[in-house]
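Participant: Right, I'll just put the structure down here and ask away after.
The values are calculated or read from the model by the stated rules, or taken from the named source; none is laboratory data. Note that the coordinates shown come from a computational prediction; the quantities given were computed from them, not determined experimentally. A quick note on method: Cβ atoms are made from the backbone with ideal geometry, for glycine too, and the neighbour counts reach across all protein chains shown.
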Amino acid sequence: MTIPYKQKYLKRDNIHTIAYREYGNPTGIPILMLHGGPGGEINYNNIELIDLNFFHLFTIDQRGCGESTPTGSLLANTTSLLIEDIEQIRKTENLNKCIIFGRSWGTTLGLLYALRYPKNCLYLVLRAIFLGRDCDEEWTFSGSKQNFSTQWSEFTQGLSPNIPLNQQFYNKILSQNKEDALRLSAQMTRYFNILATNNPIQPKQNETQKNLIANKIFLHYSINHYFFDDTLWEKELTKLDQNNIKGIILHGQKDNDCLVSQARYLHSKWKNSKLIIEPNASHCDNQPEIRKQIKNIFIALQKALS
């Protein structure tokens, strides 16, 4: 289904121009949609789940991603700057309070945006929580082998057990050796697809330039601990309730990319949240039960805000 939109660009500094798209009712309740990654892209299939006669939707390509330029740039690409990009788009579009709709890494950005700019947040819709803690990274790069041992061995082929895996992938994928970079990036892409889908049968394919760029951005954030430390959540999450910020957490019980424990932890710290656990869902949004939940969430919001 083709959905009309306006393509827009915002020059942020001497390096970055942020691309974003505008959909729906110009006088409607604004939604800012934040994609996963880091290094990911908008799932445009989710747009059709939102009533654009009522809502005013903006999708944002994060620095280095999608139509934002320069493609794949790691310079001046940090979590704090991504949050400021969101805020500058809100200001440029003269939006008041917004619904923040984030998935995976986008839930991290949504939470951090709400903590920095609570007065600009009408509601949070957070799908597939990712918090970027040490334990979450340990699961991705090591703990997940308990569920996919053969595939994990292929994922880590050629790497040392004595050096953090994310650092090794970073060194290889950002090296001048293009053959090594493509081979290791392909191993990452394949294994992360397995974690996201719970399907261990993923074909071995030549790596695309698009995936290589996405993996470079992801690793840039991973080795920098997403530019915050684990203490942030313990110190800051109580401010969501203090500022009366409400929201919904939607997570799959069988998510092997971002474990459901992350959603439960967030809910335990955020009393004004509603937690929905889909018992058979993985990390992907294209599952019928997840699509139904997303659609129902925005129908309920529409009724509440009408």
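Participant: Would you mind telling me which numbered condition in (1) of a type outside the set (A, V, I, L, M); (2) outside any loop (DSSP other than H, G, I, E, B); (3) in contact with a helix residue (DSSP H, G or I) (Cβ under 8 Å, 6 or more places away or on another chain) Asn256 fails?
Facilitator: Condition (2) is where Asn256 drops out.
Participant: Which ones in region 38-72 are touching a residue at least 60 places away in the same chain (Cβ under 8 Å) and within 17 Å of Ile297 (Cβ to Cβ)?
Facilitator: Result: Asn43, Asn45, Asn46, Leu49, Ile50, Asp51, Phe54, Phe55.
Participant: A follow-up question, please. Can you pull out every residue in region 259-289 that is part of a helix (DSSP H, G or I) and more than 17 Å from Val125 (Cβ to Cβ)? I'd like the intermediate steps shown before the answer.
Facilitator: If we filter region 259-289 for residues that are part of a helix (DSSP H, G or I), which is where we start, we get 260-269, 288-289.
Scanning region 259-289 gives Val260, Ser261, Arg264, Tyr265, Ser268, Lys269, Pro288.
Participant: Suppose we filter Pro38, Pro30, Pro26 for residues that are assigned to a strand (DSSP E or B) and not charged (D, E, K, R); which single one remains?
Facilitator: Working: Pro38 fails: assigned to a strand (DSSP E or B); Pro26 fails: assigned to a strand (DSSP E or B).
Checking each option against the conditions leaves just Pro30.
Participant: Report yes if some residue within region 22-30 is acidic (Asp, Glu), outside the structural domain of Thr189 (by TED's automatic domain parsing), in contact with a Lys or Arg (Cβ under 6 Å, 6 or more places away or on another chain) and on the phi < 0 side of the Ramachandran plot; otherwise report no.
Facilitator: Here is the first cut: in region 22-30, the residues acidic (Asp, Glu) are 22.
Still in the running and outside the structural domain of Thr189 (by TED's automatic domain parsing): 22.
Now narrow it down to the ones that are in contact with a Lys or Arg (Cβ under 6 Å, 6 or more places away or on another chain): 22.
Still in the running and on the phi < 0 side of the Ramachandran plot: 22.
Yes, some residue in region 22-30 is acidic (Asp, Glu), outside the structural domain of Thr189 (by TED's automatic domain parsing), in contact with a Lys or Arg (Cβ under 6 Å, 6 or more places away or on another chain) and on the phi < 0 side of the Ramachandran plot.
Participant: For region 55-79, which positions are surrounded by fewer than 18 Cβ atoms within 10 Å (Cβ to Cβ) and either among the charged types (D, E, K, R) or closer than 22 Å to Ile99 by Cβ (or both)?
Facilitator: Result: Glu67, single match.
Participant: Conditions first: (1) outside the structural domain of Ala181 (by TED's automatic domain parsing); (2) surrounded by fewer than 16 Cβ atoms within 10 Å (Cβ to Cβ). Val260 passes all but one, so which condition is the exception?
Facilitator: Unmet for Val260, out of (1) outside the structural domain of Ala181 (by TED's automatic domain parsing); (2) surrounded by fewer than 16 Cβ atoms within 10 Å (Cβ to Cβ): (2).
Participant: In region 163-199, how many are out of contact with any Leu (no Cβ under 9 Å at 6 or more places or on another chain), aliphatic (A, V, I, L, M) and in contact (Cβ under 8 Å) with a residue 12 or more places away in the chain?
Facilitator: Number of matching residues: 3.
Participant: Follow-up. Please go through region 162-183 and give me each residue that is more than 20 Å from Trp139 (Cα to Cα), of a type in the set (A, V, I, L, M) and not in a helix (DSSP H, G or I), ordered by number.
Facilitator: First, the residues of region 162-183 that are more than 20 Å from Trp139 (Cα to Cα): 171-183.
Now restrict to residues that are of a type in the set (A, V, I, L, M): 173-174, 181-182.
Within region 162-183, Leu174 is the sole residue that qualifies.
Participant: Look at Glu67 and say whether it is assigned to a loop (DSSP other than H, G, I, E, B), out of contact with any His (no Cβ under 9 Å at 6 or more places or on another chain) and modelled with pLDDT of 95 or more. It would help to see each step written out before you state the result.
Facilitator: Details: assigned to a loop (DSSP other than H, G, I, E, B): yes; out of contact with any His (no Cβ under 9 Å at 6 or more places or on another chain): yes; modelled with pLDDT of 95 or more: yes.
It is true that Glu67 is assigned to a loop (DSSP other than H, G, I, E, B), out of contact with any His (no Cβ under 9 Å at 6 or more places or on another chain) and modelled with pLDDT of 95 or more.
Participant: Could you tell me which of the residues Leu82, Leu74 is in a loop (DSSP other than H, G, I, E, B) and at pLDDT 95 or above? Before the answer, list the steps.
Facilitator: Details: Leu82 fails: in a loop (DSSP other than H, G, I, E, B).
Only one candidate passes the filter, namely Leu74.
Participant: Considering only region 214-235, I want to know if a residue exists there that is crowded, with 16+ Cβ neighbours inside 10 Å, touching a helix residue (DSSP H, G or I) at 6+ places or on another chain (Cβ under 6 Å) and farther than 30 Å from Leu165 by Cα.
Facilitator: No, region 214-235 contains no residue that is crowded, with 16+ Cβ neighbours inside 10 Å, touching a helix residue (DSSP H, G or I) at 6+ places or on another chain (Cβ under 6 Å) and farther than 30 Å from Leu165 by Cα.
Participant: Of the conditions (1) within 18 Å of the chain's Cα centre (by Cα); (2) hydrophobic (A, V, I, L, M, F, W, C); (3) not in a strand (DSSP E or B), Phe58 clears all except one; give me its number.
Facilitator: (3)
Participant: Kindly indicate whether any position in region 80-96 is out of contact with any Leu (no Cβ under 9 Å at 6 or more places or on another chain) and within 14 Å of Pro38 (Cα to Cα).
Facilitator: Initial filter on region 80-96 (out of contact with any Leu (no Cβ under 9 Å at 6 or more places or on another chain)): 81, 84, 87, 91, 93-94.
From what is left, the residues that are within 14 Å of Pro38 (Cα to Cα) are 81.
The answer is yes; a qualifying residue exists.
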